[in-house]
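**Q** One structure is given below, represented as structure tokens, and several questions about it will come after.
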Amino acid sequence: MKNLVLIGGSSSLGGDICEIFTRENYKVYASYFSNNKKTSTLKNLEFHHLDLTNSSSIKNFSEFLVKKNINIDVLISLAGIIPGKNLAEYSDIELDLVSDVNFLGQIKLLKKFLPLITNKSRLIFLSSISAQKGSYDPIYAASKGAILSFVKSMLPSLPPGSTINAIAPGLIDNSSMFNKMNFEIQKMHSKTTHTGKFLNINDLSKIIFDLCQDHWKHLNGACIDLNGGQYLR
């Protein structure tokens with residue numbers, strides 16, 4: 001049985017990923033952030049609390065897995081928050097929060113996971129179209145852009161044979177970000193895609209699962225754009 005460590009497992013996308021991987025006989029160790037303990041009826045799925053802004057929480061979550069001495073076959077990091085503010089509207093606390101959740105906390109966690117990364121590990125980080133295109137929220141865009149630079153820079157330090165890649169989706173249908181937008185903004189975004197439709201959660205989960213398979217082993221240090229043609233580079 002292979003092992004998946006999933007950061008952000010309690011999100012809508014995370015729930016779908018849990019279902020796909022457990023169905024394919026993976027043992028899934030998924031993180032959640034809320035104060036209410038997260039449980040699941042899915043076989044081979046464990047939820048563990050993780051606060052990416054808290055060093056003790058990062059230490060506890062990572063030490064749990066390191067002590068189990070498991071090989072991380074797949075690591076998927078979905079963590080991200082978007083206040084949707086311009087720079088002048090940000091408080092200093094919010095600047096730190098977005099930086100910690102969207103980038104620094106994930107990197108601190110990966111540093112502790114390094115002993116569990118093997119020559120067959122598949123690492124995927126969720127970035128955003130904003131990292132390529134820019135955004136009204138410059139801090140969110142910068143933090144997601146940092147993920148892309150990190151993925152490229154980290155590749156030489158990982159065991160030969162392992163892979164590390166990023167995915168940069170546009171707006172995802174029925175995601176928390178999507179549902180917070182008013183209809184007019186949703187409509188405006190849809191007009192900028194070639195199909196007039198958004199990527200849905202289930203399709204994205206299937207793509208992520210497929211990217212973790214061996215037939216993608218030559219994709220490395222890359223960013224997969226999934227924005228429906230909203231931004232071409």
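The values are calculated or read from the model by the stated rules, or taken from the named source; none is laboratory data. In this text the structure is predicted, and so the values were computed from the model without any measurement. Virtual Cβ from ideal backbone geometry, glycine too; neighbours counted across all protein chains shown.
**Q** Run down Leu75, Leu114, Leu110, Leu97 and say which single residue is in contact with a strand residue (DSSP E or B) (Cβ under 8 Å, 6 or more places away or on another chain) and not in a strand (DSSP E or B).
**A** Leu110
**Q** Every residue in segment 79-109 that is without any contact (Cβ under 8 Å) to a residue 60 or more places away in the chain and touching a Ser or Thr at 6+ places or on another chain (Cβ under 8 Å), please.
**A** Asp96, Leu97, Val98, Ser99, Asp100, Val101, Asn102, Phe103, Gly105, Lys108
**Q** Just need a number here: residues in segment 61-109 that are farther than 20 Å from His48 by Cβ and β-branched (Val, Ile, Thr).
**A** Summing the residues that are farther than 20 Å from His48 by Cβ and β-branched (Val, Ile, Thr) in segment 61-109 gives 3.
**Q** Sort out which residues of segment 14-62 are of a type in the set (Gly, Ala, Ser) and either closer than 20 Å to Leu97 by Cα or part of a helix (DSSP H, G or I) (or both), and write them in order of number.
**A** Selection gives Gly14, Gly15, Ser31, Ser34, Ser55, Ser56, Ser57, Ser62.
**Q** Tell me which of these Gly15 doesn't satisfy, since it passes every other one: (1) closer than 20 Å to Asn165 by Cβ; (2) modelled with pLDDT under 95.
**A** Going through the list (1) closer than 20 Å to Asn165 by Cβ; (2) modelled with pLDDT under 95, Gly15 breaks only (1).
**Q** Okay, next question. Tyr26 - would you say it is surrounded by 17 or more Cβ atoms within 10 Å (Cβ to Cβ), touching a Ser or Thr at 6+ places or on another chain (Cβ under 8 Å) and closer than 20 Å to Ile201 by Cβ?
**A** The answer is no for Tyr26.
**Q** Sort out which residues of segment 19-45 are under 20 Å from Leu110 (Cβ atoms) and either hydroxyl-bearing (Ser, Thr, Tyr) or at pLDDT 95 or above (or both), and write them in order of number.
**A** Phe21, Tyr26, Lys27, Val28, Tyr29, Ala30, Ser31, Tyr32 - these are the residues of segment 19-45 that are under 20 Å from Leu110 (Cβ atoms) and either hydroxyl-bearing (Ser, Thr, Tyr) or at pLDDT 95 or above (or both).
**Q** Same structure again: If Gly134 passes every condition in (1) on the phi < 0 side of the Ramachandran plot; (2) at pLDDT 90 or above but one, which one does it miss?
**A** (1)
**Q** Go through segment 103-137 residue by residue and tally those that are over 23 Å from Phe33 (Cβ atoms), in contact with a Pro (Cβ under 9 Å, 6 or more places away or on another chain), surrounded by 15 or more Cβ atoms within 10 Å (Cβ to Cβ) and of a type in the set (S, T, N, Q).
**A** Matching residues across segment 103-137 total 1.
**Q** Looking only at segment 138-175, filter to residues that are in a loop (DSSP other than H, G, I, E, B) and at pLDDT below 95; which one of those is surrounded by the fewest Cβ atoms within 10 Å (Cβ to Cβ)?
**A** Ranking the qualifying residues of segment 138-175, first place goes to Asn174.
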